[in-house]
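Have a look at the structure below, then the notes.
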Amino acid sequence: IISMKIPFILRRLSKTKGLRLINLIGLTLIFTSIIVSFAYIKWETSFDSFYKNADRIGRLSLAFEGKQADGRIFTESYDELLKQNPEIEDILKMVVVQTTTLTNKDSKVVVNNLVLTGNNFLDFFNIPLIYGNTEDVFNKAGNIIISEKLALQLYGKTDVVGQEIKLEGRKYVLDKGFVNGVFKNIPANSHFHTDIIVSETDFSNLLMY
């Protein structure tokens, strides 16, 4: 009986092989879409998760008269108002300078996304230092930390603490600064990226985050 049904089964399979191929392609596309969607969601939700205080950091934005919100605030006029809010534990100011020329004794390069920030930057964003002391790397204005990528680009090595550099741009000038630390390259899934961070104390004439 079984041997008699085999030709019948084979004929049915041959007649429906086109439909079965379409079903197989459809299932493959569905599972591929699920895998791609999962990978995308996982990537998007991983942003900044490596910072120890990620769940306690918020960014202040202002909007006036229904206009689009701007993440930057001009001058230090909001300092006292923010300090009156007991839910705010600490405040970090960051200024992004889009383009700056960096000069050292051997070369001159253009750096993008230079960050000027307060001395409590590493309290918010615990970026690991390869060289330098987290406690005092930003102990005075003008102290500089650079990424391992920029250190290798400029000097061919990462042990460059003490090197003198000059920064000059339309919005920021530092005639003489010294590398006080080298940090690990910031991961791609961070909401900000930079290769050079400078300690700043005067934000009175700057647009800051």
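The values are calculated or read from the model by the stated rules, or taken from the named source; none is laboratory data. All figures in this text were calculated on a predicted structure; none of them were measured in a lab. All Cβ positions, even for glycine, are placed from backbone atoms using ideal geometry, and neighbour counts span all protein chains on display. Calculation scope for accessible area: heavy atoms of the full protein, side chains included, ligands and nucleic acids excluded. Shrake-Rupley method; radii C 1.70, N 1.55, O 1.52, S 1.80 Å.
Numbers below:
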{"item": "Cross-chain or 6+ apart pairs with Cβ under 7 Å, the stretch 63-88 first and on the phi < 0 side of the Ramachandran plot, then modelled with pLDDT of 80 or more and open to solvent by less than 60 Å² (accessible area, probe 1.4 Å)", "result": "Arg72/Met208; Ile73/Met208; Glu76/Phe203; Glu76/Ser204; Leu82/Ile91; Ile88/Leu82"}
{"item": "Any hit, the stretch 67-87, residues being out of contact with any Pro (no Cβ under 7 Å at 6 or more places or on another chain), of a type in the set (Phe, Trp, Tyr) and within 19 Å of Asp195 (Cα to Cα)", "result": "no"}
{"item": "Positions within the stretch 130-168 being part of a loop (DSSP other than H, G, I, E, B), buried (at least 16 other Cβ atoms within 10 Å of the Cβ) and among the polar types (S, T, N, Q), in sequence order", "result": "Thr158, Gln163"}
{"item": "Members of the stretch 169-193 found to be outside any loop (DSSP other than H, G, I, E, B), in contact (Cβ under 8 Å) with a residue 12 or more places away in the chain, open to solvent by 20 Å² or more (accessible area, probe 1.4 Å) and in contact with a Leu (Cβ under 8 Å, 6 or more places away or on another chain), listed by number", "result": "Leu174"}
{"item": "Every residue from the stretch 86-120 that is open to solvent by less than 90 Å² (accessible area, probe 1.4 Å) and either more than 25 Å from Tyr172 (Cβ to Cβ) or assigned to a loop (DSSP other than H, G, I, E, B) (or both)", "result": "Ile88, Asp90, Ile91, Leu92, Lys93, Asn104, Ser107, Gly118, Asn120"}
{"item": "Unmet criterion (only one of (1) in a loop (DSSP other than H, G, I, E, B); (2) closer than 30 Å to Glu89 by Cα) for Asp123", "result": "(1)"}
{"item": "Scope the stretch 34-64; condition at pLDDT below 80, surrounded by 12 or more Cβ atoms within 10 Å (Cβ to Cβ) and in a loop (DSSP other than H, G, I, E, B); matching residues", "result": "Leu60, Ser61"}
{"item": "Restricting the stretch 65-90 to residues that are more than 15 Å from Ser204 (Cα to Cα) and among the hydrophobic types (A, V, I, L, M, F, W, C), the residue that is modelled with the lowest pLDDT", "result": "Ala69"}
{"item": "Out of Lys67, Lys83, sole residue that is surrounded by 10 or more Cβ atoms within 10 Å (Cβ to Cβ) and not aliphatic (A, V, I, L, M)", "result": "Lys83"}
{"item": "Gly26 vs. criteria surrounded by fewer than 11 Cβ atoms within 10 Å (Cβ to Cβ) and assigned to a loop (DSSP other than H, G, I, E, B)", "result": "no"}
{"item": "Selection count, the stretch 194-209, where residues are surrounded by 15 or more Cβ atoms within 10 Å (Cβ to Cβ) and of a type outside the set (Asp, Glu)", "result": "9"}
{"item": "Test result for Ile165, within 17 Å of Thr201 (Cα to Cα) and either modelled with pLDDT under 95 or out of contact with any Lys or Arg (no Cβ under 9 Å at 6 or more places or on another chain) (or both)", "result": "no"}
